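The values are calculated or read from the model by the stated rules, or taken from the named source; none is laboratory data. Just so it is clear, the structure is predicted and the values come from calculations on it, not from any experiment. FYI the Cβ positions are ideal-geometry reconstructions off the backbone, even for glycines, and counts take in every protein chain you see. Areas reflect the complete protein model, heavy atoms only, side chains present, ligands, DNA and RNA absent. Shrake-Rupley method; radii C 1.70, N 1.55, O 1.52, S 1.80 Å.
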Amino acid sequence: MSFGHLQAAWADWLLDGLVAAGVRRAVVSPGSRSTPLVLAAARAEAAGRLEVTVVPDERSAGFVALGQARVTGVPSLLVCTSGTAGAHWLPAVIEASETGIPLLALTADRPFELQARGANQTIEQAGLFGRHVRAFVELGGADPDPRACIALPRTAARAVQVSLVPDPGPVHLNARFRKPLQVLPPEPPDVTALRARVTAAAERGVPRPRRVRLLPDAADLDALATRLRRARRGVLVAGPLTPADALREEAVRRFLAASGFVLLAEATSQLRFGLPRPHAACDAFEPLLAAPPERRVLQPDFVLQVGLVPSGRGLAAWLMGEEAPERVVLAARGWPEGFNRAADVWVTDPSAALEGLADRMEGAAPEADWAGRAAAAAGRTWEILDGLLAGRPGFLEAAAVRAAVEAVPEGGLLALGNSLPVREVDLFCPASGRRFGVLSQRGASGIDGLVSGAAGAVAASGRPGVLLLGDVSFLHDVGGLAAARDLPAPLAVVVLRNGGGRLFELLPVREHPGTETLFHRLFLTDPRLEAAVAGQAFGVPSVVADTPGALREALSAALERPGATLVEARVDGEATAALVADLNRAVAAEVRTG
């Protein structure tokens with residue numbers, strides 16, 4: 001039997017199993033040892049069964065696949081060659097693990113006889129991603145035994161299942177190949193006969209993964225509903241969720257209406273944009289909760305939390321505080337309780353839990369006009385912020401953030417960088433009935449791969465998008481522009497040129513004695529990068545905006561054409577910390593409710 005032809009068939013059977021289990025997208029990076037896999041992916045694409053995206057930089061490729069899976073909920077396949085190539089996926093694999101995003105990392109490897117012998121481009125790839133994967137599958141090399149060949153598609157299907165059920169996340173597959181890595185026709189009869197046997201077995205059915213909903217127990221719902229009915233000032237805190245994991249809006253609306261709870265929805269929760277008022281009325285909770293306890297208008301007495309750990313600093317400080325009320329967490333997976341103060345954590349379908357609780361809230365007695373007073377406090381907060389913005393000169397970062405959010409079209413995507421942008425949307429942008437998805441990397445909260453991730457999400461969904469990120473984050477993924485320039489839908493990449501890591505100006509280190517000189521060098525780390533020039537180097541249309549009007553005009557033009565457009569927003573970075581401090585002081589001093 002021709003080993004080269006067997007190996008090509010082996011790669012086909014592996015891809016066949018992945019596709020049969022629901023995989024529809026592959027992101028491949030060039031290399032020699034992965035040749036059988038890449039050619040098999042190309043054959044699947046030619047047959048209309050797989051969409052292949054080529055991203056030469058493995059680090060960027062990892063985040064492209066992550067972005068695809070983030071919006072679809074379906075695992076994307078990563079393919080690379082042997083050696084250090086797969087190691088560049090590690091940041092994306094970690095984020096997928098922490099966020100619960102399904103991902104398949106398929107590394108090509110050298111055969112066992114070359115291991116630990118100093119052979120070229122040969123490292124120990126088993127366990128490459130450590131505990132950050134749900135499973136590691138050593139596929140070995142091509143095996144002519146029909147039993148092994150028939151089992152291979154099912155092994156692939158099982159890997160897809162593990163990436164989805166019960167705890168979605170990344171799975172690492174390692175496949176070993178020997179030379180020759182490519183072959184020419186004709187295929188020998190014995191390999192053709194073996195193909196027929198594998199095909200016949202596959203036609204009898206390859207198990208297809210099914211998602212599992214962990215439904216809450218009726219008795220548990222009864223007990224929790226009893227606690228909720230006693231709440232006089234309850235809040236539903238919604239932390240980060242991917243678009244694919246978004247809660248059912250009808251479940252949220254029914255619970256809020258039945259319980260009298262007030263929704264505190266972060267932008268990343270998929271509930272801040274699209275829900276009609278009054279459900280999204282208390283959308284200025286960050287400065288309200290940042291006030292000292294004795295001046296705080298918003299004083300909930302029970303918290304029901306959904307989504308990942310909240311991002312907001314004011315919200316987080318309140319939930320960690322000694323005065324924080326009783327809190328119960330509803331989580332689809334994991335243990336999103338980073339404050340160590342929750343009374344209970346339920347691992348269940350949050351939407352089903354909210355619906356079950358809504359059915360049991362008869363007799364709930366929220367404090368008179370609790371929701372109305374919370375909405376009034378939020379309204380007054382936005383008035384204070386508008387007044388502060390109107391009285392300040394220059395191009396404020398807050399104005400740029402508002403312009404970017406307002407530019408996202410109905411049904412589009414808003415991708416948010418970590419550090420400041422993900423928090424600034426909650427601070428500076430009111431909720432709205434305009435519906436769009438929000439992408440974030442709040443699993444590990446890294447600033448890497450943001451351009452690539454947004455590109456993957458836009459490519460997989462076909463939805464126009466706006467990415468808002470800082471200049472340091474942009475520096476970490478400037479190479480992602482190569483993956484973004486030829487997208488089928490528009491992607492406006494808004495780089496906030498604010499002079500470095502401005503989040504640190506909001507942290508205690510900024511006030512530490514003797515750090516004035518070191519602060520700029522060690523924490524701000526201004527990248528001094530001309531973002532628009534970098535965009536042009538990658539063939540991406542690029543413009544500079546130095547006023548809010550210029551930014552809005554640039555965004556409007558960018559969203560009218562497919563592919564990426566880079567917009568460098570040159571804002572007054574130093575003004576943000578002072579603005580946030582003034583807002584918090586003013587809210588603590590001035591907000592009153594009737």
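Six or more apart or on different chains, Cβ atoms under 9 Å: show the pairs whose first residue is in segment 43-71 and of a type in the set (S, T, N, Q) and whose second is open to solvent by 70 Å² or more (accessible area, probe 1.4 Å) and part of a helix (DSSP H, G or I).
SER60/HIS88
Identify, please: which residue in segment 403-430 is touching a residue at least 60 places away in the same chain (Cβ under 8 Å), more than 17 Å from the chain's Cα centre (by Cα) and open to solvent by 10 Å² or more (accessible area, probe 1.4 Å) and is, among those, farthest from GLU560 (Cα to Cα)?
LEU427
Could you list, ordered by first residue, the pairs with Cβ atoms under 8 Å in which the first is in segment 548-577 and closer than 17 Å to GLY535 by Cβ and the second is aromatic (Phe, Trp, Tyr) and open to solvent by 10 Å² or more (accessible area, probe 1.4 Å), at least 6 apart or interchain?
If the second residue must be aromatic (Phe, Trp, Tyr) and open to solvent by 10 Å² or more (accessible area, probe 1.4 Å), the pairs left are ALA569/PHE395; ARG570/PHE395.
Looking for something open to solvent by less than 10 Å² (accessible area, probe 1.4 Å) and either under 30 Å from GLU326 (Cβ atoms) or under 30 Å from the mean Cα position of the chain (by Cα) (or both) - is there at least one such residue anywhere in segment 174-187? Reasoning before the result, please.
Step one: filter segment 174-187 for residues open to solvent by less than 10 Å² (accessible area, probe 1.4 Å), giving 174-175, 177.
Still in the list and also either under 30 Å from GLU326 (Cβ atoms) or under 30 Å from the mean Cα position of the chain (by Cα) (or both): 174-175.
Scanning segment 174-187, I find at least one residue that is open to solvent by less than 10 Å² (accessible area, probe 1.4 Å) and either under 30 Å from GLU326 (Cβ atoms) or under 30 Å from the mean Cα position of the chain (by Cα) (or both), so the answer is yes.
Just checking, which of PHE436, PHE395 is under 23 Å from ALA281 (Cβ atoms), touching an Asp or Glu at 6+ places or on another chain (Cβ under 8 Å) and at pLDDT 95 or above? Can you show your working first?
Details: PHE395 fails: under 23 Å from ALA281 (Cβ atoms).
Exactly one of PHE436, PHE395 is under 23 Å from ALA281 (Cβ atoms), touching an Asp or Glu at 6+ places or on another chain (Cβ under 8 Å) and at pLDDT 95 or above, namely PHE436.
Given the criterion of a type in the set (Gly, Ala, Ser), in a helix (DSSP H, G or I) and modelled with pLDDT of 95 or more, identify the matching residue among ALA404, ALA415.
Numbers: ALA415 fails: in a helix (DSSP H, G or I).
Within the list ALA404, ALA415, the selection yields ALA404.
Return only the number of the condition from (1) open to solvent by less than 60 Å² (accessible area, probe 1.4 Å); (2) out of contact with any Cys (no Cβ under 9 Å at 6 or more places or on another chain); (3) not in a helix (DSSP H, G or I) that THR155 does not satisfy.
Failed condition: (3).
Specify which of the listed residues (GLY394, GLY356, GLY338) is under 26 Å from ALA246 (Cβ atoms) and either in contact with a strand residue (DSSP E or B) (Cβ under 9 Å, 6 or more places away or on another chain) or in a loop (DSSP other than H, G, I, E, B) (or both).
On the way: GLY394 fails: under 26 Å from ALA246 (Cβ atoms); GLY356 fails: either in contact with a strand residue (DSSP E or B) (Cβ under 9 Å, 6 or more places away or on another chain) or in a loop (DSSP other than H, G, I, E, B) (or both).
None of the others qualify; the one that does is GLY338.
Every residue in segment 158-185 that is out of contact with any strand residue (DSSP E or B) (no Cβ under 8 Å at 6 or more places or on another chain), of a type in the set (A, V, I, L, M) and under 27 Å from ALA119 (Cβ atoms), please.
Listed by number, the residues that qualify are LEU181, VAL183, LEU184.
Look through segment 128-150, keep the residues that are touching a residue at least 24 places away in the same chain (Cβ under 8 Å), assigned to a helix (DSSP H, G or I) and over 34 Å from the mean Cα position of the chain (by Cα), and return whichever of them is farthest from SER97 (Cα to Cα).
So, considering only residues that are touching a residue at least 24 places away in the same chain (Cβ under 8 Å), assigned to a helix (DSSP H, G or I) and over 34 Å from the mean Cα position of the chain (by Cα), the one farthest from SER97 (Cα to Cα) is PRO146.
So which of VAL533, VAL509 ends up being surrounded by fewer than 22 Cβ atoms within 10 Å (Cβ to Cβ), assigned to a helix (DSSP H, G or I), without any contact (Cβ under 8 Å) to a residue 12 or more places away in the chain and out of contact with any His (no Cβ under 9 Å at 6 or more places or on another chain)? Outline the logic, then answer.
Numbers: VAL509 fails: without any contact (Cβ under 8 Å) to a residue 12 or more places away in the chain.
Matching residue, one of VAL533, VAL509: VAL533.
Counting only residues that are open to solvent by 40 Å² or more (accessible area, probe 1.4 Å) and among the basic types (Lys, Arg), how many does segment 431-444 have? Give the derivation first.
Our first condition is that a residue be open to solvent by 40 Å² or more (accessible area, probe 1.4 Å); within segment 431-444, this holds for 433-435, 444.
Checking which are among the basic types (Lys, Arg) leaves us with 434-435.
Of the residues in that region, 2 qualify.
Take the conditions crowded, with 24+ Cβ neighbours inside 10 Å and either among the polar types (S, T, N, Q) or not in a loop (DSSP other than H, G, I, E, B) (or both) and apply them to LEU319. Does it pass? Walk me through how you get there before you give the answer.
Numbers: crowded, with 24+ Cβ neighbours inside 10 Å: no; either among the polar types (S, T, N, Q) or not in a loop (DSSP other than H, G, I, E, B) (or both): yes.
When the stated conditions are applied, LEU319 does not pass them.
Quick one: which strands (runs of 3 or more DSSP E) sit completely within segment 223-315 and have at least 3 residues that are under 25 Å from ILE101 (Cα atoms), touching a strand residue (DSSP E or B) at 6+ places or on another chain (Cβ under 6 Å) and in contact (Cβ under 8 Å) with a residue 12 or more places away in the chain?
Numbers: elements: 234-238, 262-265, 302-306.
Once the strands (runs of 3 or more DSSP E) in segment 223-315 are filtered for at least 3 residues that are under 25 Å from ILE101 (Cα atoms), touching a strand residue (DSSP E or B) at 6+ places or on another chain (Cβ under 6 Å) and in contact (Cβ under 8 Å) with a residue 12 or more places away in the chain, what remains is 234-238, 302-306.
Yes or no: segment 543-555 includes at least one residue that is touching a helix residue (DSSP H, G or I) at 6+ places or on another chain (Cβ under 6 Å), surrounded by fewer than 20 Cβ atoms within 10 Å (Cβ to Cβ) and among the β-branched types (Val, Ile, Thr). Even if it seems obvious, please write down each step before you answer.
We begin by selecting, within segment 543-555, every residue touching a helix residue (DSSP H, G or I) at 6+ places or on another chain (Cβ under 6 Å); these are 543-545, 548, 551-552, 555.
Subsequent filtering for residues that are surrounded by fewer than 20 Cβ atoms within 10 Å (Cβ to Cβ) retains 543-544, 548, 552.
Those left that are additionally among the β-branched types (Val, Ile, Thr): 543-544.
The answer is yes; a qualifying residue exists.
Inside segment 198-222, can you point out the residues that are more than 30 Å from PRO146 (Cβ to Cβ), out of contact with any Leu (no Cβ under 7 Å at 6 or more places or on another chain), part of a loop (DSSP other than H, G, I, E, B) and open to solvent by 60 Å² or more (accessible area, probe 1.4 Å)? Write out each step before concluding.
Applying the first criterion (more than 30 Å from PRO146 (Cβ to Cβ)) to segment 198-222 yields 211-222.
Among the residues that remain, those that are also out of contact with any Leu (no Cβ under 7 Å at 6 or more places or on another chain) are: 212-220, 222.
Within this subset, residues satisfying the condition of being part of a loop (DSSP other than H, G, I, E, B) are 212-217.
Scanning segment 198-222 gives VAL212, ARG213, LEU214, LEU215, ASP217.
Any idea which of (1) crowded, with 16+ Cβ neighbours inside 10 Å; (2) not in a loop (DSSP other than H, G, I, E, B) is the one GLY372 doesn't satisfy?
All conditions pass for GLY372, except number (1).
Just to confirm my filter: which helices (runs of 4 or more DSSP H) fall fully inside segment 16-127 and include at least 1 residues that are over 28 Å from the mean Cα position of the chain (by Cα) and at pLDDT 95 or above? Give the derivation first.
Numbers: elements: 35-46, 58-72, 90-99.
The helices (runs of 4 or more DSSP H) meeting that bar are 35-46.
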